[in-house]
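Single-structure report; data block below.
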Amino acid sequence: MMDNVSLVTMFFLSGLNETKNHRFTVFSLTLLCYCLILLANMSLIVIIILDKNLHEPMYILLCTFCMNGLYGTAGFYPKFLWDLLSPVHVISYSGCLVQALVMYSFACSDLSILAVMAYDRYVAICRPLEYHSVMSRQRLLMLVCFSWITPVCIIGTNIFLTSRLKLCSPYIAKLFCVNWIIVKLACFPADTAVNNVVAYITIIIYVLHGVFIVWSYMYLIKTCVNSRENRAKFMQTCVPHLISLVTFLFTILLDIMFIRYGSKDLSQTFQNFIAVEFLVIPPLVNPVIYGFKLSRIRNRFLFITKLK
């Protein structure tokens, strides 16, 4: 039995080693960033929940999107803020696996929700007469559950396979736990073939999500070119989705490219920035973009502000 049990019970996170002299500055900026993320996302969630006129598929999906942003950032910021004030940066073995599950499932859920948003806009613009029958409450609930439960199950499978490995090193050169790094800590020789196969299947699944999103918007653009009404609807409701998609893909692909081709000679601070940008930019930018671009949310927010 010992062959399948990890020798590691705690992990040491070494990503903060270069910030010892600026710890309180980083703490203040991080706390400010997290507070802004909480304020922006919770404001949109509350506005959509309280205003019955916004209980439509597009806004419910936006509410789901913001909730997922809160879920993902909750897996990083509280622990990171604690580490900034702590002399030793450690995390338990089980806590590390849970954090990896949260981070990965958050990113995959974001892509799933963007795919559902793309489908919603496709039906609304290309099949407007069928919109309410296609995007019924039952189907919307099913799509929202798909966006949340499926990524958790897929990433949970990856994490479970990782938990079976015997690890021989407790050092993670990151600010947070990353599944592929944990797999690399496995004692040699280690049978990680199943882990790699499941990881590649996961990548393929979410690459297909991306392909579907790109196809949907290409079809939408083609459909909207010849119609002034559809162009206006596209600019009003689809542009925020496209900005969210580009922001998400840019941050994720930059992190993946750095993991694959990045130089280890770069400063730890720059590596940290690349690693956490998907937890900073999308959760902060997305609610701001939707709040300003979608007129019904913007008008509702301005109305509430005037009442105060």
*What nm distance separates the two modelled labels at His132 and Met235, each placed 7 Å from Cα along Cα→Cβ?*
2.8
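Ignoring ligands, DNA and RNA, what percent of the 1.4 Å accessible area of the stretch 99-191 is carbon and sulfur?
67
Within the set of other residues whose C-beta is less than 12 Å from the C-beta of Ser216, count the net charge using Lys and Arg as +1 and Asp and Glu as -1.
Neighbour charge sum, excluding Ser216 itself: +1.
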_Under 17 Å between alpha carbons: how many lysine pairs meet that in the chain, if sequence neighbours fewer than 8 apart on the same chain are excluded?_
9
*Full-extension gain in nm, Phe146 to Leu70, via 0.36 nm per residue minus C-alpha separation*: 25.5 nm
*Might you report the magnitude of the Cβ-based charge dipole of the chain about its Cα centre, with Lys and Arg at +1 and Asp and Glu at -1, to the nearest 20 debye?*
860
_Helical contribution to [θ] at 222 nm, DSSP H n ≥ 4, -39,500 (n - 2.57), averaged over the chain, rounded to 500_ = -24000 deg cm²/dmol
*May I ask you to derive the FRET efficiency for Ile221 and Leu253 from their Cβ-Cβ distance with R0 = 25 Å, giving the value to the nearest 0.05?*
0.70
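Between beta-carbons, use under 12 Å as the cut-off and find the net charge around Thr251, counting Lys and Arg +1, Asp and Glu -1.
Counting the neighbours of Thr251, the net charge comes to -3.
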*Over the Cα atoms of the chain, Rg to Rh with Kirkwood Rh, two decimal places?*
1.00
*Any chance you could give the angle, 0 to 90 degrees and rounded to 10, that helix 239-261 forms with the longest Cα principal axis of the chain?*
20
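Could you calculate the contour length gain from Val211 to Leu32, that is, 0.36 nm times the residue separation minus the distance between their Cα atoms, to one decimal place in nm?
Extra length from Val211 to Leu32 when fully extended: 60.9 nm.
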*Taking amide H positions as placed in the peptide plane 1.01 Å from N, state which residues far from His89 in sequence (5 or more) or on other chains have amide H under 5 Å from it.*
Leu13
_Given the options Asn196, Leu141, Asn230, identify the residue whose Cα lies farthest towards the positive end of the charge dipole of the chain (+1 on Cβ of Lys, Arg; -1 on Cβ of Asp, Glu)._
Asn230
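Roughly how many Å² is the accessible area per residue of the chain, as a whole number, for a 1.4 Å probe?
Ligands and nucleic acids excluded, the result is 54 Å² per residue.
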*Over the stretch 8-94, what percent of the accessible surface lies on carbon and sulfur atoms, probe 1.4 Å?*
71
*asked:* Rounding to the nearest 10 and keeping the result within 0 to 90°, find how far the Cα-based axis of helix 137-163 lies from the longest principal axis of the chain.
replied: 10
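The values are calculated or read from the model by the stated rules, or taken from the named source; none is laboratory data. None of the values given here were measured: they were computed from a predicted structure. Virtual Cβ from ideal backbone geometry, glycine too; neighbours counted across all protein chains shown. Quick note on the areas: whole protein, heavy atoms, side chains included, nothing else; ligands and nucleic acids left out. Shrake-Rupley method; radii C 1.70, N 1.55, O 1.52, S 1.80 Å.
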